[in-house]
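All remarks here apply to the structure that follows.
What follows draws every value from the coordinates through simple rules; no lab data is involved. Note that this is a predicted model, so its numbers are computed, not measured. FYI the Cβ positions are ideal-geometry reconstructions off the backbone, even for glycines, and counts take in every protein chain you see.
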Amino acid sequence: MQDKFTFEYAIIRIVPKVEREEFFNVGVILYCKRKKYLGIKYFIDPIKLQAFNSDFELIDFDKYLNAWRLVCDGKPASGKIGTLEQSDRFRWLSACRSTIIQSSKIHPGLTDDPQKTLEEIFLKYVR
């Protein structure tokens with residue numbers, strides 16, 4: 001158990017019509033403090049998006065989620081939020097929102113490989 005580290009993750013959701021409270025999962029954001037890891041993985045199924053709401057273009061959501069990736073990576077293009085500590089960036093990205101891109105509540109776990117765990121959670125809940 002000594003080679004396992006705690007991590008936290010949240011599922012990223014698209015909520016095309018917030019007033020209907022319908023959503024579908026598109027990604028995962030995972031944070032592991034001890035491994036100094038903050039990662040995001042997402043995929044937006046264009047067929048699902050069209051079925052939920054035809055008012056939005058896939059490229060619009062992709063731009064939003066790419067901005068989330070920039071924040072995760074701490075890139076200068078992400079603005080002031082990207083300069084924050086990893087933990088603060090994770091908390092900002094996983095904060096409760098009432099917009100068309102939301103995240104689930106935060107869930108904990110143990111891992112020895114955060115990147116691998118991110119992939120596994122992504123496959124389980126998104127793909």
Kindly provide the set of residues from segment 89-127 that are within 19 Å of Val71 (Cβ to Cβ) and in a strand (DSSP E or B), ordered by number. Ile101, Gln102, Ser103
Criterion first (more than 11 Å from the chain's Cα centre (by Cα), closer than 15 Å to Ile29 by Cα and without any contact (Cβ under 8 Å) to a residue 60 or more places away in the chain) does Cys72 satisfy it? no
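Within segment 88-102, how many residues turn out to be in contact with a strand residue (DSSP E or B) (Cβ under 7 Å, 6 or more places away or on another chain) and either under 12 Å from Cys72 (Cβ atoms) or without any contact (Cβ under 8 Å) to a residue 12 or more places away in the chain (or both)?
Residues of segment 88-102 that are in contact with a strand residue (DSSP E or B) (Cβ under 7 Å, 6 or more places away or on another chain), as a first pass: 89-90, 93-94, 100-102.
If we keep only those that are either under 12 Å from Cys72 (Cβ atoms) or without any contact (Cβ under 8 Å) to a residue 12 or more places away in the chain (or both) as well, we get 89-90, 93-94.
Residues that pass the stated criteria total 4.
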Mind checking whether some residue in segment 49-61 is surrounded by fewer than 19 Cβ atoms within 10 Å (Cβ to Cβ), among the charged types (D, E, K, R) and in a loop (DSSP other than H, G, I, E, B)? yes
